[in-house]
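Here's the structure we're looking at; comments come further down.
The values are calculated or read from the model by the stated rules, or taken from the named source; none is laboratory data. Just so you know, these numbers come straight off a predicted model, no measurement behind them. For neighbour counting, all protein chains shown are included, and Cβ atoms are generated from backbone atoms with ideal geometry for every residue, glycine included. Please note that ligands, DNA and RNA were not included when accessible areas were found on the heavy atoms of the full protein model with its side chains. Shrake-Rupley method; radii C 1.70, N 1.55, O 1.52, S 1.80 Å.
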Amino acid sequence: FENYLAYLSRHPGEQRLLGLQMTRRVRFRVVDDAGRPVNDARIVVRSQQWPQAAAEGRTHADGRWDLFPGVVAPGLRGHARVTVQAGQHIVRQTVVLPDQGQGQEQLIRLPRTAARLPQALDLAFLIDVTGSMGDELRYVNNEIVDIVRRIRQAVPQTHVRLGATFYRDRQDTDPLRLLPFTDNPHGFARAMSQVDAGGGGDYPEDMNAGLEAAMTRLAWRRGNVARVLVLIADAPPQRYPTQYAYHQAMRDAAARGIRVLPVAASGANRTVEYLFRALGALTSTPYVYLTDDSGIGNHHMEADTDRISVEMFSDLMTRKLISDLQGLGMHEPSHSEQGVVMLGYVR
């Protein structure tokens, strides 16, 4: 987190442009009596002084939820009441939220709770399908069946569903398309192959419309499920007047336990990097970006960090999803893995 704070300090312009205050964090970890992580525990944090200032989140399969008050509830600071619930079991306690930086990590034990690893995965894609994104779209389409096969092989009995949202810009033909969740990866791949990259013309695209559709129109499962949205784009969101933008998507992701795994494609600028790193930080995923070694797209901007690991995208995503289903989270490895270079991601 210290490395991330240093990154934020180097980009005050992007912070002002996007209106994302990511400099305060409190990490919660919920476990059962045996110390095993509890997935999908509901956490509500409410200010003692200002009860209307409140944040809600759900733990992931590693039992963690990272609260960024500056995004989900800007008025939330100082002493706060925390309510944690899993099934019929409830724990309440008081925490102190920081004015800056990282607060004390909160370990919360739920008595009489037997944690179970998720046996289901909802994996959705949110992809910019304007003209510059054709290579990335085809790559995901070609790899998705094998990714599901490898997940099922590593974590048997996992019920995997796939869904997708494709977006362009408002003036483009077919600006938004959804593929509802399905447990048939071959059928999903066939439907995805019917989507072509086209339109665009200016740099920003209507990412906010895509986020709203992915969060509110896809039928995400509730309960003991791992939920992951893979966002692949090369441009920032258009600044259209809208009631639903990335700020609301971040609050929804926190409240519903949906991880957002951001992937910056060729042509992404520092604004995209700042937004995508914020989405990843909020849901405890790495910031992923295409490298020039990939041979996909045009020039790729290197991330503003000295902590880089590089590997094939299909290997990276498969490994992260398996790790999450095993209750280990999507945290970074302690070393760079060997293999064919496809994507870089920030550690």
How large a share of the accessible area of the chain, in percent, is made up of carbon and sulfur atoms when the probe is 1.4 Å and the other protein chains stay in place? 47 percent
I want the antiparallel fraction of DSSP beta bridges within the chain, as a percent rounded to 5. 55 percent
The answer for the chain, accessible area per residue at 1.4 Å probe in Å², is 41 Å²
Would you indicate which of (1) 1.03; (2) 0.95; (3) 1.34 is the value of Cα Rg over 2.2 N^0.38 Å derived from the coordinates of this structure? (2)
DSSP beta bridges in region 148-281, what fraction antiparallel, as a percent rounded to 5? 40 percent
GNM, the chain, Cα, under 10 Å: largest mean-square fluctuation among GLN93, GLN102, GLN194? GLN194
Using modelled backbone amide H atoms (1.01 Å from N, in-plane), which distant-in-sequence or interchain residues come within less than 5 Å of ILE258's amide H? none
Under a 5 Å amide H to amide H cut-off, with H placed in plane at 1.01 Å, what residues pair with GLU205 once short-range neighbours are removed? GLN238
Which ³J(HN,Hα) values, rounded to whole Hz and listed in residue order, are derived for region 85-97 from phi using the Karplus coefficients 6.51, -1.76 and 1.60 in 6.51 cos²θ - 1.76 cosθ + 1.60 with θ = phi - 60°, glycine and proline given as x? 9, 9, x, 8, 9, 10, 10, 10, 7, 10, 10, 10, 8
Note the angle between two axes, namely the Cα long axis of helix 313-325 and the longest principal axis of the Cα atoms of the chain, as a number of degrees from 0 to 90, rounded to the nearest 10. 20 degrees
For the chain, build the charge dipole from Cβ charges (+1 Lys, Arg; -1 Asp, Glu) around the Cα centre, then report which of LEU279, PHE68, THR291 sits farthest towards its positive end. PHE68
Give the shape of region 168-313 as rounded, prolate or oblate, defined through the alpha-carbon gyration tensor: a ≥ b ≥ c are the square roots of its eigenvalues, a/c under 1.5 means rounded, and otherwise the shape is prolate if a/b is larger than b/c and oblate if not. rounded
Given the options ARG161, ARG307, ARG221, state which has the largest fluctuation in a GNM of the chain using a 10 Å cut-off (strictly under) for Cα springs. ARG307
